[in-house]
Structures are given as C-alpha cells and as structure tokens.
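Colleague: Let me begin by handing over the structure; questions about it come next.
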Amino acid sequence: MVEQPNNIGIAGADISSWRDLSAGRLVVGTSSIQIFSKKSFFKEPAKKAEFEISTIDSFKLESEPKPRLFLAFLDSNTSLETIEFRDQAQAKVVLAALRSLLGPLDEVSHSERLRLENERLLREQVEKRRCLIQSYSLFVWSNADGLRTIARGIYQIIPALKLENWDMVKEQYEIVWQQTDRLQQSTGFNLLPELERLCKAYTSMNGPEAVINSARFLETIENAYAVNAPPKREWDESEMQRNIRPNWPQLLYFHFFYSLCRKIGLDCEFGDWGSIDGSLSKLETMRPVMNNIFCLDVTGYIAKISDFARRKDLAALKESLDNLDAYLSESAKKHPCQEVNQSNGTLPKLA
Amino acid sequence: MALCPNWHENPGALTTCRICGLPMIDLRSELSLLTNSIKSRSILARPKSWNFLIGVGTVGSRILMSAKSLKIDQIAPRLTYLAVDTAKIGDVSVSDTEPLFILHLGSGTIGESTFCGWGELAAEQDKSLIPLIDNMGLRGKDENQSILVALALGGGTASGVAPVLLKQTRLLNPACFIFVLSILPSADESMHRRINAYYGLSRLLRSGQDPLADGVIAVRYDRLKKLRGVGETGEELKTEEMIPGLLRLMASGLTIPNAARFGRLNRWMQTQVMTPCLALGRSLEIFGSLSNVLESCISYPLCTISKDDVVVSELLLRIPKRLAKYFPDSLIADELASFNRKHFPKLKSTIYQVSYTDEQHDRLDVCILLGGNDISRVISDAKTAFDEFRLEINDSKQLEMYGLTKEKVSAASAALTFSHS
C-alpha cells in the first residue's frame, strides 16, 4: 500500500463503488483520505483521489440499502462524495477512524464549525497580541530600568567627586558604562562619544570637569530618548503608543521621577535644604503619573522620602532611596502595563 | 498647546489635563533644571583646598576683597575665599583662579547686626551657612588645612557669626589651623561694640574646651590709626591699608605649608591671643639693619601688652628677593634672638618665617606676633564694658532684646576668666 510519509494510514476498507470505480480500497490516514483502484494481477493499485481531513466539513454513514459514506466539504464548491463499501464491517472500520480524527462531525453543523474556527483564530490573535504587548512592555521597562541605573550611578558619583573618592567614582562609572552599553545595543543610539568624554573626565581626575561632564552625559541620554524614534521591532510603534501604557515617549517621565528622588538625596547630602521643598512638591505631582501610567504605587516611598528629607535624616533618606530602587527594579522585572481605552485618548505624537 | 503624560492636547495654561486629570509637566525644562543643579555643584568638586581666607562682617568682607590686589592666592596655594555678612556684599571677584563663596545671612538686606546675640542667631538660623561650610572642602583630620579669618569683633555680625562658623570648621576638620585677624574696639568706642568684642572673644577662646582659634591676632583700632607705614609704591599707607598689609604677612606664615609650625607652637604654649607689632615698608637704606627694623616694630604694638608677659614671639618677615642674600637664616635667627633677649625676659619660644617679593625696592615688611598667657590687658576695655552690661541688664526679657540669654552671658563671662585667670 502506498502511503504519504506524513499521512500514516490508520484504517482501510474495501469499497464496492465510488464515482466510476467499481472496486477499490479506501485508506484513512492521519491527514487525508485516499482512494485506490483495486489491485490486480497485472497492475498495482493506483491512487484515484485524496481528500484532506482538514477540508472535511461533515461525514455520515448510511447502512441501508448498502453501507455508504457521505463526505461533505468546507468548500461549498466541492461536491459531496459518496463511497459504497463492500459490507457493514468495512464501513464501521472507516467510520471509527474518521470519528477518532474529526470527532462527531456528523453531528456538528457547518455554521458551528465556522464559529469554532473563528474562535480559534481569535484566540490565536489575542495570544499573539498578548505576546507582542509583553515584548513591547518588556522593551520599555528594560529601557526604564537602564535609565534608572544610569541616573543612580551619576547621582552617586557627584558626592563622591566632592570628597575626591575616585574609587567610588570608578566603581559607579563601570555600572554606568555597562548600562549605557546595554541601552545602546537595545536602542541603537550612539552614546559612545559622550561615554568616552565622561571616561576622559573621570580619568583626568579633574573634579569640576567630571561633575559638568556627568550632567552633560545625562542630558545626552535624555535628548536621545526625547528626540530619537525607538528602533523598529515586530510591533507597530505608533499603535503601541496609542494603546499601551507605559510606552516609549513616557519613559522620560519615569526617568524624571527617579532623578527627582535622587536629586533630593543629593540636596540633602550637600545640605542644600533650601531646594528640598520645591523638589518634594514636584515629587508629589509625579505620584499620579507613576500610578496611572506606570502602574506603580509610590505613595509610601514619597511619604518616607519627604519625611526624612524634611527631618534632615540623611541616613534614613538614603535607605528610603535604596528601597525605592529595589521596588522599581522589581517592577521592571514584572514590566506591568495596561491597554488604554481609545475613546478616552487622542493620537499620541512621536517625539 | 501642551501635551499631558498621556499625550492629550491641552491649552498651555492648564496645570492638569482636562481629559485624564494627570499633571501637565514641562519635561524638557524640568530635566534641564535637574542637570543644571548638578552642574552648579561643580565648584564643590575641586581638589581639596589647603587654605581658606574668610571675611566675616562688613569690615572682614572688605579686608577679604583686598586679597586680589595683595595677590594672596600666590602666597597661599589652593585657596578658597568666603565672605559672610548680614548686609549685601557686592559681587566682586577676589581672584582670577580661586573660588569665592559669598553668603548673605538671612535675606542679606538686614544690614549691620548691631549686637553679637543677633549675629549669632542669624548664623544659627541661616539654612545656608552650615551647608556652605560643609561643602567648602574642609574634611578629615588633616593638618594641611588652614583658615585665616578677618573680622572686626566690635561688630554684631563678626562677633556672633564667626564662632558659629569656626565651630563647624573645627567639627569638619579638628586638626586644621585657624587664625583670626581681629580688629578690637578702642576704649572710646561705644559700649555695645566692646560688649560684642568680649562676647566674640569668649566664644572663640571657649571655656573648658579647646579654643576655636589657634591664634587671635588682636588689633586695637585706635592704635592702628596711629601707625605709619610705606606701601610697595613708596607712598605712605592709609589706615585702611595697614590691615591688608598685615594680612599679607600673615598669609605668608600662617597658611599651609607653614601654618602647622605656628599653630602647634600656639597650642603648646597656650598663647591663643597674639599682639602684632607691625612695620610696613621699612627701608634698609634708612634703618640699616634688621635689628633696627625690629626695634621700630616693637615700639608700637597694635594691642596692649606687657613685655614681661610675652612667652612666644613669632616673626613674619617679607623682603625683596634681590636682598635675600643679605638675610641668611643665621642672621635672622641671631638678630631675632638678640631682640628677644633684650625685650622679653620670660620668653620661652620663638619662630620666624621669611617670604620674598619680586619688588625692586629695599623695603622690609615685618610683623612680630607676641603671645602671652595673660590676656587681661588685651581684653580689659571690653571686659569692663561687658561686666557693666552684665550688672545692668540681668533680666531675661531685656537680654532678649540683644539676642542673648542669661546662660550665654554667664558662659561668656566665665570663658575668659576660666582660661586666663
């Protein structure tokens, strides 16, 4: 018996009539039904027809007057096939095989079959979109976390520069370098020249130059994120920006919130108590943004930062900032996101 | 139109989005403020300063401003300047290379603090003073940092602020050396100036604790007015030019790298108050020798002192470089020893520091700082005024008018009695 490599025969039966064929054999395979002419002394059986299992809409077996199988196809242009078996036993073997493959299609209507197929396609689409959103959100959060780590490094370098603690500067620079390299690979932005300038400023051990270049480095990164479009990926960026929060242009709000927290820490470290109140009020303004867009509840962290900053408790403030870091880092791993109600929004503009 | 964080368009004047209610944030300008705030701190990351020249109060700030013409930054390396006053200080530059911090206590519009208590309160309540000192670069237990303060203790700002300021510097670097050039009011000046001077000194020379200053170089204003001297151009110096001249001499000896020798000697001998004897622009052609210049110097001390009380003499000598060969160390040491023997029978230690100038004239600048353990003569006028004040104004409410409390007055009174009786 001839079999297709991907169509392993699971049942066979002798047929007494099919179209103009008076005798032959029907073979039910895993992917198709094949009809062969009868084997004779002079010639091998020849395949006369093959019907894909997936194209079958329904099947039905009639016992009287002779055992006959009716096959209906999803394509309405394909005519109904009638196959007559030699006896009842042959028909039952085929019926059992078809049922094992297709289920009781003889009991399911065509429209139901269509509905089920549509549902399956919809499920596939939903799953595909879910994966796409997840990838997008992972991409956005990974950039947010990269920005956070860089800002953290720079804001820790500044007091170290004041104290001429070059070991600390070197240690933090390595972190900044790694993160910048990662962001550069992820976004395709060319941050290398500014990174080299920063490295040069640190190796020169010229404190004031190093501070100015640190700030300039942050500016360069912020500009890169504000001006450049995100790299082309498998998703439609503008569609994502319309429907997903947080999205690419909103990254800088996350960065602003975090930098503001670190600035308060820096102000406390430098004893610049005069600027603290202004920064704290801005931090409070950012609370709904972090909640609404980034799905982060930073209320407790803001309260602690405000409290310790006002009490000039530098040690406790530093601990709060570290806790905030841990929370943001954990959140980045979970990369929370949400789809927005389009009726509530207007088209976002790419920066 | 402005965009909210959700990219809803809003009229520019709104503070929250009319659609989603999120705050309207000008992200660009906010981020720019943050980075500018980092940049503004660049000056604080300069290499650790060795020397600090601080002017407190109106007179102190004016003295500080003369530093540029005196080229103090060339004498004292790695110098940081600080001017503190309750009145507005002009935005002037004192150096082309070294940083100047200017701090107006309070709003800077109060003007002169007339009483030490108010000056002290202004310093204690000012949010910027301590952070500014913290960020000036004083740190560690480092003997390679020296602070030179110029002030007039008769003023309320100087007498009130300087102790607060120096207390913080001591906290930051307990090993640094602090010298205070202080103009004291004369007996005929107003009572409150003398009270201020006494109170300020009492805070600088704290009772029961290490003194804040390693040397208070006390100059009585009435004596200063009578002093005569010649400047670099050959013209006679005016009274207000004398103090910068003295400051320049002090900068050559009492700053890093030389401050440790003078500071350690003062600490060891417990001579925290020094009387300067100043001779500016003494021509060798006229005076003939160093010993004659020293004699000219001792003839008019700038504060009351008894030669019998002197236990330490410190010579600061500034000579033109071209005359250096005529002043070998051996000669200076011999002439100083001879001078000391002649004038100070109880002298226990002496020290000198020579600095050189590129000037082509033949004039020497000399300052001898004389220190004794008994400062009663130096503070006698001020003490009289303070004692009277203490007797007359004993009520807490009355003291409040002067920014003082009973405790502060008692502590001030005990401070100088305790350490030098």
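Colleague: Please work out which one of (1) in contact with a strand residue (DSSP E or B) (Cβ under 8 Å, 6 or more places away or on another chain); (2) outside the structural domain of A:Thr203 (by TED's automatic domain parsing) is the condition A:Thr78 fails and give its number.
Modeller: All conditions are met except number (1).
Colleague: With the requirement that a residue be more than 20 Å from A:Ser22 (Cβ to Cβ) and touching a Leu at 6+ places or on another chain (Cβ under 8 Å), what does the stretch A:55-72 give you?
Modeller: If the condition is that a residue be more than 20 Å from A:Ser22 (Cβ to Cβ) and touching a Leu at 6+ places or on another chain (Cβ under 8 Å), then A:Thr55, A:Ile56, A:Asp57, A:Ser58, A:Phe59, A:Lys60, A:Leu61, A:Ala72 are the ones that fit.
Colleague: Which of the helices (runs of 4 or more DSSP H) contained wholly in the stretch B:255-323 include at least 3 residues that are farther than 19 Å from B:Asn340 by Cβ?
Modeller: B:259-269, B:284-287
Colleague: Would you point out the residue of the stretch B:134-157, among those that are within 14 Å of chain A (Cβ to nearest Cβ) and touching a strand residue (DSSP E or B) at 6+ places or on another chain (Cβ under 8 Å), that is farthest from A:Ser275 (Cα to Cα)?
Modeller: B:Gln145
Colleague: With B:Glu120, B:Glu143, B:Glu189 as the choices, which residue is among the acidic types (Asp, Glu) and either free of Cβ contacts under 8 Å to residues at least 12 places away in the same chain or surrounded by 24 or more Cβ atoms within 10 Å (Cβ to Cβ) (or both)?
Modeller: B:Glu120
For every residue, the table says whether it meets (1) in contact (Cβ under 8 Å) with a residue 40 or more places away in the chain; (2) of a type in the set (Lys, Arg); (3) surrounded by 13 or more Cβ atoms within 10 Å (Cβ to Cβ); (4) under 30 Å from B:Ile72 (Cβ atoms).
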position	(1), (2), (3), (4)
B:Leu317	yes, no, yes, yes
B:Thr350	no, no, yes, yes
B:Tyr356	no, no, yes, yes
B:Leu369	yes, no, yes, yes
B:Thr384	yes, no, yes, no
B:Asp387	no, no, yes, no
B:Glu407	no, no, no, no
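Colleague: Among the helices (runs of 4 or more DSSP H) contained in the stretch B:26-106, which hold 1 or more residues that are farther than 23 Å from B:Leu138 by Cβ and either touching a Pro at 6+ places or on another chain (Cβ under 8 Å) or touching a residue at least 40 places away in the same chain (Cβ under 8 Å) (or both)?
Modeller: B:57-65, B:67-70
Colleague: When the residues of the stretch B:20-56 are filtered to those that are polar (S, T, N, Q) and closer than 30 Å to B:Leu204 by Cα, which remaining residue is nearest to the other protein chains (Cβ to nearest Cβ)?
Modeller: Restricting to residues being polar (S, T, N, Q) and closer than 30 Å to B:Leu204 by Cα, the top hit is B:Ser49.
Colleague: So, one more: Which of the residues spanning the stretch A:277-286 are surrounded by 21 or more Cβ atoms within 10 Å (Cβ to Cβ) and either more than 10 Å from chain B (Cβ to nearest Cβ) or acidic (Asp, Glu) (or both)?
Modeller: A:Leu283
Colleague: Of the conditions (1) farther than 30 Å from A:Ile305 by Cα; (2) away from chain B (no Cβ under 11 Å); (3) in contact (Cβ under 8 Å) with a residue 60 or more places away in the chain, A:Glu239 clears all except one; give me its number.
Modeller: Checking A:Glu239 against (1) farther than 30 Å from A:Ile305 by Cα; (2) away from chain B (no Cβ under 11 Å); (3) in contact (Cβ under 8 Å) with a residue 60 or more places away in the chain, the one that fails is (3).
Colleague: Further question on the same structure: Give B:Ser202, B:Ser252, B:Ser291 a once-over and let me know the one that is touching a helix residue (DSSP H, G or I) at 6+ places or on another chain (Cβ under 6 Å), buried (at least 24 other Cβ atoms within 10 Å of the Cβ) and either in contact (Cβ under 8 Å) with a residue 12 or more places away in the chain or assigned by TED's automatic domain parsing to the domain that holds B:Arg170 (or both).
Modeller: None of the other options fit; the residue is B:Ser202.
Colleague: Tell me the residue from B:Gly119, B:Gly154 that is assigned to a loop (DSSP other than H, G, I, E, B) and among the small types (Gly, Ala, Ser), please.
Modeller: B:Gly154
Colleague: Right, here's the next one. Within 28 Å of the chain's Cα centre (by Cα) and exposed (fewer than 15 other Cβ atoms within 10 Å of the Cβ): which single residue out of B:Ser313, B:Ser338, B:Ser299 fits that description?
Modeller: Checking each option against the conditions leaves just B:Ser299.
Colleague: Right, A:Glu174: over 17 Å from A:Thr149 (Cα atoms) and assigned by TED's automatic domain parsing to the domain that holds A:Ala226 or not?
Modeller: In short, no.
The values are calculated or read from the model by the stated rules, or taken from the named source; none is laboratory data. The structure displayed is predicted, hence computed values, not measured ones. All Cβ positions, glycine included, derive from the backbone under ideal geometry; neighbour counts span all protein chains shown.
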